[in-house]
Each structure stands twice: as C-alpha cells, then as structure tokens.
Amino acid sequence: MSWFSPLDLASWPTTVESAMALQDELRPLVTPVTPPGTRFRTMAGLDSAYDDTGAVATAVVVLAAGTLRPVASAVAHGVADFPYVPGLLAFREIPATLAALEKLVSAPDLLVCDGQGIAHPRRFGLACHLGLLTGVPTIGVAKTVWGDYAEPGPQRGAATDITIGGAVVGRALRTRTGVKPVFVSVGHRIDLDTACAQVLALTPRYRLPETTRHADHLCRAALRTATGNYSGSTP
DNA sequence: GCGACAG
DNA sequence: ATCTTGTCGC
C-alpha cells in the first residue's frame with residue numbers, strides 16, 4: 001500500500017480556467033508551518049525532462065540528510081498533456097511526478113521541488129500542490145524569481161525577502177559565494193527559515209540543491225533511453 | 001495597449 | 001523545458 005492517495009485523473013484539470021480555479025480552491029489548505037517534532041532524515045529531489053514529441057520522464061531521488069548520498073530513486077514515463085503555462089506548471093508536471101513518487105516504498109521527509117512554492121501569482125505553486133497531494137513537507141527552489149527582491153550580499157548564506165504586492169512570499173538565498181541566488185519559498189508543512197536551512201544543507205558544493213541535481217541527471221538519462229528505445233533499436 | 005511570465 | 005560552441009575557472 002502506498003504512503004499517499006493516488007491522483008484522481010478523472011477530475012484532474014484539463015483547461016486553464018479549471019486549473020486556476022483548483023489553485024484558488026486549494027490555496028487555503030496550505031500550512032506554512034513545520035509540525036512539532038519534524039525531522040528531516042531524508043530529502044527527495046524531483047525533476048522532469050521532455051522531448052519534442054511530448055514524452056516526459058520524471059525522476060525522484062532520495063538522499064540521506066547526513067551524507068547527502070542517494071538511498072532510493074524512481075522514474076516514471078508519460079505523456080505531457082497539459083501545456084506549459086506560466087503559473088500552471090503543476091498541471092503539466094504532477095501526473096508523472098506522482099507516478100514516480102508512488103514507486104517509492106516509503107515517504108521522504110522533505111520534497112524539494114524545482115519551481116515555486118507560495119512565491120506564485122496565486123500563492124499556489126508546484127511545491128504547494130505536491131505538498132497537499134502527498135502530505136509530506138515540501139519546498140520550492142526556483143532558478144528564477146517571481147516577485148521582487150533586493151540583491152542579497154555576496155556571501156553564501158546571505159538572503160533577502162521576495163515580495164509580491166508587498167507580501168513576503170519567499171527568500172532569495174545565496175547558496176554559493178559570488179553566484180546568483182536561488183529563490184526559496186514554502187510549499188506545505190514547513191516554515192521559511194527551516195526551508196532555507198535545508199537548502200543550505202543541500203548546497204555544500206553547487207548553487208542548486210544536491211537533490212535537484214541528482215533528479216535532473218536521472219530524468220534526462222531516463223528520457224534519453226526511452227527515446228532511444230522508441231526510435232532506434234531492435235527492428 | 002504593453003511587458004512579464006516557475007519549467 | 002529544449003536547441004547549442006566555446007570559454008573561463010577551480
């Protein structure tokens with residue numbers, strides 16, 4: 001038995017209107033607070049890769065908090081039916097992402113998403129949606145920002161608020177000295193300070209979290225082998 | 001009307 | 001996201 005409820009594809013939005021409506025409906029359920037006693041012993045990175053035919057490969061790689069070494073991973077293949085629409089990335093990536101997560105025998109303690117949490121036009125980015133669907137703490141770590149922010153100091157660890165319409169929705173966090181910051185925002189069941197601390201723990205070497213890097217490499221490799229199997233083998 | 005717009 | 005060469009730096 002899985003550690004979370006499977007996605008109900010029958011009621012999954014297929015139009016921009018219904019997708020936005022669902023975000024507005026679910027937004028109130030987000031809990032930007034870390035439950036007492038929460039321990040992050042394992043953290044998982046998630047990422048998807050696409051090809052020109054619409055094929056998608058999503059990977060999840062679970063790392064041990066102490067060593068930052070992979071302890072589990074899974075891949076799921078599918079077809080991207082929802083187009084990429086700014087603000088609606090979740091509807092394009094969640095189906096395959098949940099399929100990959102379902103293959104894990106146990107729940108990670110934290111899901112590190114490639115995208116936004118509440119630093120989103122409707123305060124409900126991919127990380128929020130995935131958090132609600134899995135019940136697991138989630139954070140969004142984006143490479144580009146959605147909102148306003150002042151450039152943080154040059155040192156690793158320096159951070160400034162990200163605001164949208166005056167409200168603080170996340171933090172521009174410098175993970176490597178002298179390198180462009182990453183944009184962290186809460187997804188669900190975690191607070192911003194804890195989220196940033198986790199991101200720093202996951203970036204001892206590179207700008208992006210080790211979780212994201214592992215997942216990125218795995219989903220790209222998976223997509224390549226899938227494409228290769230489809231067009232160029234055993235005739 | 002014009003520009004901006006996670007991946 | 002993806003398409004792509006060289007190049008600067010540790």
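The values are calculated or read from the model by the stated rules, or taken from the named source; none is laboratory data. Here the structure is a predicted model, which means the values were calculated and not measured. Cβ: placed from backbone, ideal geometry, glycine included. Neighbour counts: every protein chain shown. Just so you know, the surface numbers come from the protein's heavy atoms only, side chains and all, with ligands and any DNA or RNA stripped out. Shrake-Rupley method; radii C 1.70, N 1.55, O 1.52, S 1.80 Å.
Any idea how many residues of the stretch A:1-10 are open to solvent by 80 Å² or more (accessible area, probe 1.4 Å), within 19 Å of residue A:91 (Cα to Cα) and not acidic (Asp, Glu)? Walk me through how you get there before you give the answer.
Step one: of the stretch A:1-10, the residues open to solvent by 80 Å² or more (accessible area, probe 1.4 Å) are A:1, A:5-6, A:8-10.
With the extra rule that they be within 19 Å of residue A:91 (Cα to Cα), the set shrinks to A:5-6, A:8-10.
Applying the additional criterion that residues be not acidic (Asp, Glu) yields A:5-6, A:9-10.
Residues flagged as open to solvent by 80 Å² or more (accessible area, probe 1.4 Å), within 19 Å of residue A:91 (Cα to Cα) and not acidic (Asp, Glu) within the stretch A:1-10 amount to 4.
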Please determine, by comparing only the residues of the stretch A:143-198 that are of a type in the set (S, T, N, Q) and open to solvent by 80 Å² or more (accessible area, probe 1.4 Å), which one is farthest from the chain's Cα centre (by Cα).
-> A:155
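Would you say residue A:137 is away from DNA strand B (no atom under 16 Å from the Cβ), buried (at least 24 other Cβ atoms within 10 Å of the Cβ) and touching a residue at least 24 places away in the same chain (Cβ under 8 Å)?
Details: away from DNA strand B (no atom under 16 Å from the Cβ): yes; buried (at least 24 other Cβ atoms within 10 Å of the Cβ): yes; touching a residue at least 24 places away in the same chain (Cβ under 8 Å): yes.
Answer is yes for this residue.
Any residue in the stretch A:61-75 that is among the hydrophobic types (A, V, I, L, M, F, W, C) and within 27 Å of residue A:20 (Cβ to Cβ)? Outline the logic, then answer.
Residues of the stretch A:61-75 among the hydrophobic types (A, V, I, L, M, F, W, C): A:61-65, A:68, A:71-72, A:74-75.
Add one more test, that the residue is within 27 Å of residue A:20 (Cβ to Cβ), and what stays is none.
Within the stretch A:61-75, none of the residues are among the hydrophobic types (A, V, I, L, M, F, W, C) and within 27 Å of residue A:20 (Cβ to Cβ).
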